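What follows is one structure encoded as structure tokens, with my remarks underneath.
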Amino acid sequence: MVSLYLHFPFCKRKCSYCDFCSAASSSWAEMAAYCRALETEMRLQAARYGHIPVDTVFLGGGTPSVVPADLMRGVLATLRECFAIQPDAEFTSEANPGTLTVEWLDVLCDAGMNRLSLGVQAIQPQLLKTLERIHDFTQAREAFAMARAAGVANISADAMFGLPGQTMGEYLDTLRALAGEGVTHISAYALIVEDGTPLAAQVQRGELAPAGDDLTADMLEVGVDLLTALGYERYEISNFAKAGFACRHNLGYWQRKRYLGLGASAASLLPPEAAGVRAAAKAGVEQEDTAYVRACNTADVRAYTDALLAGSLPPCETTPVSRRDAMFETVMLGLRTVEGVRLADFAAWHGRALADVYAAAVETLRTQGLLAEDALAAGRLALNRRGLRLQNTALMPFL
């Protein structure tokens, strides 16, 4: 059983903080060519791996909701043709307020979408303007209503904190407003000023200043308390859900589940045999020591599209991951979650007990007061709340 990710690198306008593989585009022809390429990649990968069973699907970007409904219909028909989407699969698409349409939602729901993730970020007009978002909160509320009318009951919303000029009150008001819309899931994450983005240039010129570290840390902690009080359970550093609505697709990433990425810049995590011995030898990792293979399609949308329209898989960087590195990644990603890493799972995946590999590191967590002792007694390595706040510090002993 694997997860599928499909990338759509188109936006109505690129946000000032975004460094993802995306660009503003309104060209139907460009989107049509890309969708044909994506369909070709699906067919080539299905021929390579067979009609594999899939239990989570995620459409991301970019903004999938700017792709015209007729083009998306063809992509999703090919998706079901090429892969065995399970009846109970979680099927998520990202969307942005201001780009959602009834026709687009109908196409997605007909194809099995049962979860929508809306990029709201904030409710205050001046903060949305700073981020160069194209919507206001009125449009976000309309998008929530439109999704519910289409039959989507599982709706997630994004909220950001640590924004330039943002106050604690404004962030908490955003969380309350999202909860008031009845969303089942909230992703609440701090702004990261990425190099090369317009926002980074504004910060460098002194035109904007992100919230200070102390305020950002306080926003994180107070936000956790508020979301808990509002009935959302924290299950990962930045993710909160009503009971039964944690995102299965994202949990798969943190638990090192195998996934296949389709589209420009899309990443995959594959078993060793998927890339063959040559990839392992190229990176200097013996095949028998390879735990899994990490692959990433080219981020050059034109190169991706041209290759596939010519009938070939796109340029792809393939990296085998050694058993030692895989054990660290298991801990690194697992400790992002409140549940942590199950000791029995670690042993089953790697053939060694976590306590044997990382005994000194676990003891360091205990000494530093970052370890969830109750979890360890229950057979899980997990961080307490302070440890989640100081995750980078908590990971250092494992390096």
How far is it, in nm, from the label point at Ala145 to the one at Arg258 when both lie 7 Å from their Cα along the line to the Cβ?
4.6
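Length gain on complete extension for the stretch Asp374 to Thr138, per 0.36 nm per residue less the alpha carbon to alpha carbon distance? Walk me through the numbers on the way to the answer.
Details: separation 236, 0.36 × 236 = 84.96 nm, distance 4.41 nm.
Result: 80.6 nm gained on full extension.
Return the loop-located GluC sites (Glu not before Pro) in the range 332-399 (DSSP other than H, G, I, E, B) with at most 15 other Cβ atoms within 10 Å of their own Cβ; answer none if there are none.
On the way: sites: Glu339, Glu363, Glu373; in loops: Glu339.
Nothing satisfies the criteria.
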Most mobile of Ala274, Ala382, Ala89 in a GNM of the chain (Cα contacts under 10 Å):
Ala274
Whichever aspartates and glutamates have a C-alpha closer than 16 Å to that of Lys12, once near sequence neighbours (fewer than 8 apart) are set aside:
Glu30, Glu94, Glu132, Asp136
Over all directions, the average projected area of the alpha-carbon convex hull for the range 2-251 comes to how many nm²?
13.2
Under 5 Å from the placed amide H of Asp19, counting only residues 5+ away or on other chains, we find none
Sparsely packed trypsin sites (Lys or Arg not before Pro) within the range 178-248, loop by DSSP, other Cβ within 10 Å at most 13:
Arg205
Please give, to one decimal in nm, the separation of the simple spin-label points placed at Phe20 and Asp306, each 7 Å out from Cα toward the Cβ.
2.6
Among Gly62, Gly182, Gly261, whose mean-square fluctuation peaks in a Gaussian network model of the chain (Cα, cutoff 10 Å)?
Gly182
Take every DSSP beta bridge with both residues inside the chain and express the antiparallel ones as a percent of the total, to the nearest 5.
40
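Every read-out reported here was derived from the displayed coordinates using simple, explicitly stated rules and does not represent laboratory data. Bear in mind that the values here come from a model prediction, so they are computed numbers and not experimental data. Quick reminder, even Gly has a Cβ in these numbers, built from the backbone with ideal geometry, and neighbours come from all protein chains shown.
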